[in-house]
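A.B. asks: Quick one: this structure, given as C-alpha cells, is what I'll be asking you about.
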Ligand code: ARG
C-alpha cells in the first residue's frame, strides 16, 4: 500500500494517473521537515490526551528511525504519492497500525505540506543570507585592498566622472544588503505556523496550536485556517527576493564581463575562473560571470511559474498547489550555488591600475569639476555648464584634453584661471575633492567600509541566532543533531 486513501473507490488508481499526479520526485527533499513537523504534532497529541505517552514515544521513535533510514539512502521513495504518504506509511510499518495510525489525527496533508515548506524556507533563508554575506565580504575585502585605485565612472556607459574602484564595488555591497533585508523581512511571514488548520476548517478535536508553535519555534500561528492551507505568498515573496538578488548578480556579472574584455581591460580574472575557446587559441572567456547573468532567467521564471499557479485559484487547497515545489527547489538550489561561485569569482578578479589610469584620460571626466570650480568663484552653475560644454566641443574637435586649455582659451573667465589648474582637472584629485555624504571620496569610502563591516557582523549574528533556535527545536523533537 502506497496511498493514504482509497477505501471509497471501487478501483485502484490508474497507473498513468498515478505517475502523472505523484509529487514524490519533487517533494522528497522535504523529508526532514515532514518528520520534524510530525514529531511536534505527535507531542501535541500527547499533551492534549489524544494519544498516550507510550504511543507518543513509539511514534517519535519511528520518526527517528525513518530519518536514519532516509539519510542512509535505505528508502526507495518512488512508489509513494508524496513525502507525507511515505512518512506515514513507513511509520505504520514500524510502530504498527494501531499506534502509527494515530499520528494523522487532526491533521491534513493540506496543512502538513505547507508546514514542511515553511520549515524548509525558514532554514534556507538563513543559508541564502549567509551566502550573500560571503559575497559581500569578498566585495568589501577587494575594496579594502584597492582603496586608492581610481577608475572612470559611467552613466549610459559613457565616461562620466572619476570614481574609486572601491566605491564601485561597495555599490554592489549595499545592493546585496537590500537583498538580505528583503529576505529577513520575508522570513517574518514564513515564520508562522499553519498546522492545525486541518484540511481547511480546523478540527473538533482539542488540539493546541500554540504548543506546536512553541515546539517548532514559530513566534505565531496563522489566524485563518482557510488562508493557512491555501497561502503560498511566503514562497512567492521568497522567489521575488531571489529574483531581485539575481538581477543584482547579473549586473555584477555584466560588469566583470565588460571590465575583463580587452576593450576595457580594467581587470584580470584568475585563469582558474575562465575558459578557453575550442577554435580560437587566444581566448580567455569570463564564463562564470556570464553564467551568473545567464541563470537569472531561471530564477525569475520560478517566480513567474508560481505566480501563474496561484492566479485565480479559488480557496482553499487545490492540487495545482503541488506545482509550487519545483520552482521553489530549483531557485533555492540555483541561488545557493551561484552565490558561492560569485563570492569566489569576486575574490579572483584583479584590477589593472594602468588600464584604468589610461581610461581616465578619455572623455573629459573632470568637466564637472571644472564647473564646480567656477561655481566656487561665483559663476551660476548653468552658465558654467554651458561654458565648459563649449570648451569640450572645441577640444574634442581638435582631439585635445582639458589639460591642453591655456589661460588665453578662457575668454570671459580669464580672470578666474586658477594657479592650480592642473589639480582641478586631475582625475585622481577629483575623487579626493568630493565632500558630500555617500560620495566617492576616500574618506566616505572608508566610512562605507566600516558600515559594511558592521552590517556583515550583524547579518551573521542574526543567522546564527536563528540557527540556534531551529537547531534546539530539532534536537528536542528528533533527538540527536542534524546539521542545519
Ligand atoms: N503532494 C501534495 C502537495 O504537494 C500534498 C497535499 C495533498 N493534498 C491533497 N488533498 N491531495 O500539494
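The values are calculated or read from the model by the stated rules, or taken from the named source; none is laboratory data. Predicted model, so just to flag it, every value in this text is computed and none were measured. Please note: Cβ atoms are built from the backbone with ideal geometry, for glycine as well, and neighbour counts cover all protein chains shown.
A.B. asks: Quick check on residue 59: is it within 15 Å of the ligand (Cβ to nearest atom), surrounded by 14 or more Cβ atoms within 10 Å (Cβ to Cβ) and under 23 Å from residue 196 (Cβ atoms)?
C.D. replies: no
A.B. asks: Here's a check for you: in region 96-112, which residue that is farther than 25 Å from residue 226 by Cβ and surrounded by fewer than 18 Cβ atoms within 10 Å (Cβ to Cβ) is nearest to the ligand (Cβ to nearest atom)?
C.D. replies: Once the filter is applied, the top-ranked residue is 101.
A.B. asks: Still on this structure, please answer the following. Does residue 436 satisfy being surrounded by 13 or more Cβ atoms within 10 Å (Cβ to Cβ) and either at negative phi or not in a helix (DSSP H, G or I) (or both)?
C.D. replies: no
A.B. asks: Inspect all residues belonging to region 304-320 and state whether any of them is buried (at least 18 other Cβ atoms within 10 Å of the Cβ), at pLDDT 95 or above, out of contact with any helix residue (DSSP H, G or I) (no Cβ under 6 Å at 6 or more places or on another chain) and more than 28 Å from residue 161 (Cβ to Cβ).
C.D. replies: Yes; the residues of region 304-320 include at least one that is buried (at least 18 other Cβ atoms within 10 Å of the Cβ), at pLDDT 95 or above, out of contact with any helix residue (DSSP H, G or I) (no Cβ under 6 Å at 6 or more places or on another chain) and more than 28 Å from residue 161 (Cβ to Cβ).
A.B. asks: Using the structure shown, decide if residue 297 is loosely packed, with under 15 Cβ neighbours inside 10 Å and within 15 Å of the chain's Cα centre (by Cα).
C.D. replies: yes
A.B. asks: Can we say residue 160 is over 26 Å from the mean Cα position of the chain (by Cα) and away from the ligand (no atom under 16 Å from the Cβ)? Full working, then the answer.
C.D. replies: Details: over 26 Å from the mean Cα position of the chain (by Cα): yes; away from the ligand (no atom under 16 Å from the Cβ): yes.
Yes: the conditions hold for residue 160.
A.B. asks: Just to be sure I understand the filter: pairs with C-beta atoms under 6 Å, separated by 6 or more residues or on different chains, first member in region 75-87 and under 19 Å from residue 102 (Cα atoms), second member more than 11 Å from the ligand (Cβ to nearest atom) and part of a loop (DSSP other than H, G, I, E, B). Which pairs pass?
C.D. replies: Close Cβ pairs satisfying both conditions: 86/77.
A.B. asks: Here's a follow-up. Among the residues in region 330-350, are any modelled with pLDDT of 95 or more, under 30 Å from residue 426 (Cβ atoms) and surrounded by fewer than 19 Cβ atoms within 10 Å (Cβ to Cβ)?
C.D. replies: yes
A.B. asks: Right, here's the next one. Kindly establish whether residue 446 is surrounded by fewer than 16 Cβ atoms within 10 Å (Cβ to Cβ), over 26 Å from residue 376 (Cα atoms) and touching a residue at least 40 places away in the same chain (Cβ under 8 Å).
C.D. replies: So residue 446 fits the description; yes.
A.B. asks: Ok, one more. Would you call residue 187 more than 16 Å from the ligand (Cβ to nearest atom), more than 16 Å from the chain's Cα centre (by Cα) and more than 30 Å from residue 431 (Cα to Cα)?
C.D. replies: Judged against the criteria, residue 187 is not a match.
A.B. asks: Regarding residue 295, is this residue in contact with a helix residue (DSSP H, G or I) (Cβ under 8 Å, 6 or more places away or on another chain), within 30 Å of residue 260 (Cβ to Cβ) and at pLDDT below 95?
C.D. replies: The answer is no for residue 295.
A.B. asks: Still on this structure: Name the residues in region 68-85 that are crowded, with 21+ Cβ neighbours inside 10 Å and farther than 21 Å from residue 198 by Cβ, would you?
C.D. replies: 80
A.B. asks: Has region 20-34 got any residue that is over 28 Å from residue 219 (Cα atoms), in a loop (DSSP other than H, G, I, E, B) and within 16 Å of the ligand (Cβ to nearest atom)?
C.D. replies: Within region 20-34, one or more residues are over 28 Å from residue 219 (Cα atoms), in a loop (DSSP other than H, G, I, E, B) and within 16 Å of the ligand (Cβ to nearest atom).
A.B. asks: Among the candidates 69, 93, 53, which residue alone is away from the ligand (no atom under 16 Å from the Cβ), touching a helix residue (DSSP H, G or I) at 6+ places or on another chain (Cβ under 9 Å), without any contact (Cβ under 8 Å) to a residue 40 or more places away in the chain and within 20 Å of residue 214 (Cα to Cα)? Let's see the steps before the verdict.
C.D. replies: Details: 69 fails: within 20 Å of residue 214 (Cα to Cα); 93 fails: within 20 Å of residue 214 (Cα to Cα).
Of the residues listed, the single one that is away from the ligand (no atom under 16 Å from the Cβ), touching a helix residue (DSSP H, G or I) at 6+ places or on another chain (Cβ under 9 Å), without any contact (Cβ under 8 Å) to a residue 40 or more places away in the chain and within 20 Å of residue 214 (Cα to Cα) is 53.
A.B. asks: Looking only at region 254-277, decide whether some residue is closer than 26 Å to residue 118 by Cβ and either surrounded by fewer than 18 Cβ atoms within 10 Å (Cβ to Cβ) or out of contact with any helix residue (DSSP H, G or I) (no Cβ under 7 Å at 6 or more places or on another chain) (or both).
C.D. replies: no
A.B. asks: Let me ask something else about it. Which members of region 156-170 meet the condition of being surrounded by fewer than 16 Cβ atoms within 10 Å (Cβ to Cβ) and within 16 Å of residue 266 (Cβ to Cβ)? Lay out the reasoning, then the answer.
C.D. replies: Keep residues of region 156-170 that are surrounded by fewer than 16 Cβ atoms within 10 Å (Cβ to Cβ), which gives 156-158.
Listed by number, the residues that qualify are 157, 158.
A.B. asks: In addition: Only one residue in 115, 139, 119 is touching a residue at least 40 places away in the same chain (Cβ under 8 Å), surrounded by 22 or more Cβ atoms within 10 Å (Cβ to Cβ), away from the ligand (no atom under 14 Å from the Cβ) and within 20 Å of residue 43 (Cβ to Cβ). Which one?
C.D. replies: 119
A.B. asks: Being in contact with a helix residue (DSSP H, G or I) (Cβ under 7 Å, 6 or more places away or on another chain) and closer than 21 Å to residue 161 by Cβ narrows it down to one residue among 423, 390, 428, 446; which is it? Even if it seems obvious, please write down each step before you answer.
C.D. replies: Working: 390 fails: in contact with a helix residue (DSSP H, G or I) (Cβ under 7 Å, 6 or more places away or on another chain); 428 fails: in contact with a helix residue (DSSP H, G or I) (Cβ under 7 Å, 6 or more places away or on another chain); 446 fails: in contact with a helix residue (DSSP H, G or I) (Cβ under 7 Å, 6 or more places away or on another chain).
Being in contact with a helix residue (DSSP H, G or I) (Cβ under 7 Å, 6 or more places away or on another chain) and closer than 21 Å to residue 161 by Cβ holds for just one of 423, 390, 428, 446, which is 423.
A.B. asks: Restricting the search to region 35-52, which residues are in a loop (DSSP other than H, G, I, E, B) and crowded, with 16+ Cβ neighbours inside 10 Å?
C.D. replies: Selection gives 50, 51.
A.B. asks: How many residues does region 194-208 hold that are without any contact (Cβ under 8 Å) to a residue 24 or more places away in the chain and either surrounded by 15 or more Cβ atoms within 10 Å (Cβ to Cβ) or under 28 Å from the mean Cα position of the chain (by Cα) (or both)?
C.D. replies: Going through region 194-208 one residue at a time, the tally reaches 1.
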